[in-house]
Each structure stands twice: as structure tokens, then as C-alpha cells.
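Asks: Shown below is the structure under consideration.
The values are calculated or read from the model by the stated rules, or taken from the named source; none is laboratory data. No experiment lies behind these values; they were computed from the predicted model shown. A quick note on method: Cβ atoms are made from the backbone with ideal geometry, for glycine too, and the neighbour counts reach across all protein chains shown. For accessibility, only protein heavy atoms count, side chains too; no ligands or nucleic acids. Shrake-Rupley method; radii C 1.70, N 1.55, O 1.52, S 1.80 Å.
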Amino acid sequence: LLTYGLLDCAMAVFWVALLAGGAIYLCAVVLVRLFQRMEQEDPHHEFFYEKFGSVSSAMFTLFEVMSSPTLDQWREPLTAHPPLVAFIVIFVLFGSFGMHGLLTGVISEGIIDKNQARIEDQQVDKQTKRKLV
């Protein structure tokens, strides 16, 4: 029963990771396309090229933001680009908190279902023992 529950949770983690990876990839492609058009005279061009110069670097940057949304190094570039502030806030809210909440909910539901099945099995065992006595 415990192994089955662990396997169920591993499947939930896999699907949440796949969903997060797809969302990160989609957002990375959009951000790379947007920041490739940035003028080289922009004072934050180097910062954005480092973070969003390629799809792989953009995916890693978004993964960092999703897993640990500390934006100290982003303060100055974000003040110059308000639409990016809105994107980062929405991405952190839905990405970080949403994925954690989804993962917690799926695992909790799996645990509750397994516990309910265990209780039902115990009741059936009690009833069969009563019938035998």
C-alpha cells in the first residue's frame, strides 16, 4: 500500500514537472523573441542578453525565478521595463505558487484516497471476522 502510494506521488510529480517544463519553454521562446529586438543602446541590454539570449538560458532563468523568486539583481532592469514586471509577477504567482499548490493538492488527494481505501479494507476485514464468529 505504501509503495503504491509512493508510485502514485511519483507520477504526480512527473506530470507537474512536465507541465512546468512546458510552461517554462513557452514563456522562454516568447521572451527570447522579445528581447532579441532590444536596442543595443539600452543600458540593460547586456543583462537581458545574458538572461534571455537563447531559449536554454531563458528557460534556466525562468526556472530560477520559479523555484526561488529573489529578484534583487533584477531591481534596476525591471524599473526600466514595466511590462516585464507584470510578466514576472504573474509568472511567479502562477508558476511558483501555482505549481507548488498543484503538487501539494495532488499528493494530498493521493494520500487521502489511499487512507480511505485502507479504512474500507479494514471495515471489510472486520465484517468478515464478525461473520465467521
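Asks: Among Pro77, Thr104, Tyr49, pick out the residue whose Cα is farthest towards the positive end of the charge dipole of the chain, where Lys and Arg carry +1 and Asp and Glu carry -1 on C-beta, about the Cα centre.
Replies: Looking along the dipole axis, the top candidate is Thr104.
Asks: Which value, in Å to one decimal place, does the Kirkwood hydrodynamic radius take for the chain when every pair of different Cα atoms is included?
Replies: Details: mean 1/r = 0.0559 Å⁻¹.
Taking the inverse mean of 1/r over all distinct Cα pairs, the chain comes out at 17.9 Å.
Asks: Select from Thr128, Ala58, Ala86 the residue farthest towards the positive end of the dipole of region 4-133; place +1 on Cβ of Lys and Arg, -1 on Cβ of Asp and Glu, and compute about the Cα centre.
Replies: Going by the Cα projections, it comes out as Thr128.
Asks: From the phi angles alone, apply the Karplus equation (6.51, -1.76, 1.60; θ = phi - 60°) to region 19-36 and give each ³J(HN,Hα) in whole Hz, x where the residue is Gly or Pro.
Replies: So the J values, rounded to whole Hz, are 5, 5, x, x, 5, 5, 4, 4, 5, 5, 4, 5, 5, 4, 5, 5, 7, 6.
Asks: Which residue, Glu46, Glu109, Glu120, tops the fluctuation ranking in a GNM of the chain built on C-alpha contacts under 10 Å?
Replies: Glu120
Asks: Please state the charge dipole magnitude for the chain, taken about the Cα centre, from unit charges on C-beta atoms (+1 on K and R, -1 on D and E), reported in debye and rounded to the nearest 20. Intermediate results must be reported in sequence, preceding the final value.
Replies: On the way: 10 positive and 14 negative charges, 191 e Å.
In total the dipole reaches around 920 debye.
Asks: Given the protein chains as shown and a 1.4 Å probe, how many square angstrom of Asp121 are accessible, to the nearest 10?
Replies: Accessible area of Asp121: about 90 Å².
Asks: Between Lys129 and Ser67, 0.36 nm times their residue separation minus their Cα-Cα distance comes to what?
Replies: Values: separation 62, 0.36 × 62 = 22.32 nm, distance 5.12 nm.
Stretched fully, the Lys129-Ser67 segment lengthens by 17.2 nm.
Asks: Sticking with this one: Once the Cβ-Cβ distance between Ala10 and Ser96 is put in as r, and R0 is 22 Å, what FRET efficiency do you end up with, to the nearest 0.05?
Replies: Rounded to the nearest 0.05, the efficiency is 0.55.
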